[in-house]
1. With label points built 7 Å along Cα→Cβ from the Cα atoms of Glu295 and Ser50, find their separation and express it in nm.
2. Only four residue types carry charge here, +1 at the Cβ of Lys and Arg and -1 at the Cβ of Asp and Glu. Report the dipole size of segment 82-142 about the Cα centre in Debye, rounded to the nearest 20.
3. Does anyone have the angle between helix 191-201 and the longest principal axis of the chain? Alpha-carbon axes, 0 to 90°, nearest 10?
4. Among Phe306, Phe92, Phe67, which one moves the most in a GNM of the chain with springs linking Cα atoms closer than 10 Å?
5. Could you give me the radius of gyration and the Dmax of segment 141-308, taking only the C-alpha atoms into account and expressing both in angstrom?
6. Can you tell me how much longer the chain between Ser26 and Arg347 gets when fully stretched, taken as 0.36 nm per residue apart minus their C-alpha distance, in nm with one decimal?
7. Take the alpha carbon atoms of segment 1-77, find their center, do the same for segment 237-263, and report the distance between the two centers in whole angstrom.
8. How high is the relative contact order of the chain, in percent, with contacts defined as C-alpha pairs under 8 Å that are six or more residues apart?
Amino acid sequence: MPTIQLHDQPPLPKRPRPIYIIGAGSIVKDAHLPAYQIAGFEVQGITNRSRNKAEELAETFNIKSVFDSVEQMVEMAPSDAVYDLTLPANYFAETLRKLPDGAAVLIQKPMGENRDEAEEILRVCREKNLTAAINFQLRFAPVISMARDAIAQGLIGELTDFEVRVNVDTPWHLWDFLDHAQFAEIYYHSIHYVDMIRSFLGNAQSVQCQSMGSHTAPNMDKTRSSYILDYGPDIRVNIQTNHQHRFGKKHQESYVKWEGTQGAIKAQLGVLMDYPKGEADWFEICVLEDGKDPEWQKLPVSGSWFPHAFIGAMGSLMHKLENPSAELPHSVEDVIHSMRTVDAAVRSSQAGGMTFKELTTH
């Protein structure tokens with residue numbers, strides 16, 4: 001097999017802008033701030049409803065300013081600030097209204113807790129002329145960027161099969177704000193995969209879904225889902241998630257697989273394995289060669305979904321600010337379609353499939 005070289009990062013800014021974070025939850029500590037340190041992005045300020053949590057992060061990550069409120073932060077932040085909004089999704093719209101008109105903001109996923117909230121967020125961003133992106137960072141994970149480059153180079157030909165499979169034991173108790181949230185597995189987890197698939201294929205023609213409850217996490221509404229995304233007769237696209245595989249690591253899985261007419265790619269998303277400790281991401285590719293048996297090549301991966309993909313989410317926004325003609329792949333204008341897709345998945349799950357009686361009635 002010939003030597004393959006793939007890009008694993010999207011375009012990044014030449015002159016990063018100062019970041020001001022709204023929220024100090026675990027995602028900020030475990031992903032946002034470590035990613036920004038790796039990238040050399042400077043976080044100049046932070047605020048949180050519980051000031052002591054913001055102060056703890058400020059001390060740990062050398063953030064010079066802690067603010068008592070969003071209003072105080074906005075008053076003190078420079079005009080070129082990029083706001084990083086990391087509150088629970090149902091607070092997004094009201095918080096966005098407090099930002100300066102024309103500001104730049106990276107909004108933590110999902111884009112609201114349901115479609116109605118997503119549409120309201122989109123309206124606020126339009127009304128205030130915000131340069132706004134949603135932090136669906138899986139799009140920017142190194143292994144996903146590598147697959148995107150491989151497919152763009154034509155290495156595996158035309159896509160014929162696109163699959164996401166997650167079979168892990170997820171510690172839902174770490175996110176108590178999800179307790180009793182309706183279809184939380186879809187809106188807060190599987191939406192990553194829906195959004196990532198859309199970043200390759202655009203909008204699906206239709207979606208079918210069935211989401212099931214949990215007997216291991218009693219406070220969770222749903223923890224297992226199956227999706228079929230219809231992109232026409234020539235490509236199979238599906239997502240399978242099971243977050244209650246409690247039977248050891250031997251058969252746990254967390255991968256994305258692409259198959260094409262000339263090759264295939266398989267990539268592990270290691271962070272979901274034994275979360276939050278996680279395992280390494282890996283990337284393998286097979287390119288068919290005439291007269292030779294198929295051979296898989298494992299390529300080095302520089303980083304992982306957590307925290308390195310968060311560099312791409314913020315970096316792409318800053319790159320857009322430097323280059324107004326550049327694409328903003330995770331803009332609110334694009335991601336609203338991810339929210340509409342998962343809304344359709346929820347409605348599909350609620351409606352159910354054709355009953356046996358309907359199947360046997362002539």
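Each value in this text was obtained by applying a stated rule to the coordinates, not by laboratory testing. Please read these numbers as outputs of a predicted model, since none were measured by experiment. Ideal geometry is used to build each Cβ from the backbone, glycine not excepted, and the neighbour counts take in all protein chains shown.
1. 5.5
2. Working: 8 positive and 9 negative charges, 39 e Å.
Its charge dipole is roughly 180 debye.
3. Here the helix axis deviates by roughly 70 degrees.
4. Of Phe306, Phe92, Phe67, the Gaussian network model singles out Phe67 as fluctuating most.
5. Gyration radius and largest Cα-Cα distance of segment 141-308: 16.7, 56 Å.
6. Values: separation 321, 0.36 × 321 = 115.56 nm, distance 3.08 nm.
Extending this stretch completely gives an extra 112.5 nm.
7. Result: 31 Å between the Cα centres.
8. It rounds to 21 percent for the chain.
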